């Protein structure tokens, strides 16, 4: 023990070797925390990759289903139009045969044909309108697969950049 002006103090030799234990303990804890954060980040990254892959598969399935629906609609529309056109052609042929008959019968047939053609026009307008609405909805309301994948990739790049910058700032 040193004595200075009536004071006593412990010499460095008398102190226990625990001077840096707290610092070592903190450093050890920080290192363990960093390792845990790194593992957590890797697990989160893997989960995001799996989620992105699942979303890509889902989008591909939806695209295929959508294509199938469009093709089915197109074939049904073509069948409908061909049927209506065939029916109209048959009625026109019937009209040309009936022209030789009396005028009253002829007028009745012409009026009936006009009604059928008017209905056909309305049906064609309706189908065309529905088709246009469907195309508009597809083009403007649903984001494309490429846009969705690009958003996921940008978010992933930002996360990686944040992780790297946090590592640098921790270092």
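Nothing in this text is a laboratory measurement; each read-out follows from the coordinates by a stated rule. What you see is a predicted model; the values in this text were computed from it and never measured. All Cβ positions, glycine included, derive from the backbone under ideal geometry; neighbour counts span all protein chains shown.
Helix 103-136 and the long axis of the chain differ in direction by around 10°, with both axes built from C-alpha atoms. Mean residue ellipticity at 222 nm, helices only, the chain: -30000 deg cm²/dmol; runs of at least 4 DSSP H residues each add -39,500 (n - 2.57), and the sum is divided by the number of residues.
With label points built 7 Å along Cα→Cβ from the Cα atoms of residue 65 and residue 164, find their separation and express it in nm. Taking the two extended label points, one gets 3.8 nm.
Under the shape rule built on the C-alpha gyration tensor, where the axes satisfy a ≥ b ≥ c, the chain is prolate, since a/c reaches at least 1.5 and a/b is greater than b/c.
Potential lengthening of the chain between residue 136 and residue 76 amounts to 19.6 nm, from the contour at 0.36 nm per residue minus the alpha-carbon distance. On full extension, the segment bounded by residue 116 and residue 35 gains 21.4 nm, given 0.36 nm per residue less the C-alpha separation. Helix 21-98 and the longest principal axis of the C-alpha atoms of the chain enclose an angle of approximately 0°. Looking only at 161, 61, 21, which one moves most when the chain is put into a Gaussian network model with springs between Cα atoms under 10 Å? Evaluated over the chain, the most mobile residue of the options is 21. Shape class for the range 29-90: prolate, because the ratio a/c of the largest to smallest gyration tensor axis (alpha-carbon atoms, square roots of eigenvalues) is 1.5 or more and a/b beats b/c. Principal-axis analysis of the Cα atoms of the chain puts helix 145-170 at an angle of about 10° to the longest axis. Compared with the alpha-carbon gap, the fully stretched path from residue 95 to residue 49 is longer by 9.8 nm at 0.36 nm per residue.
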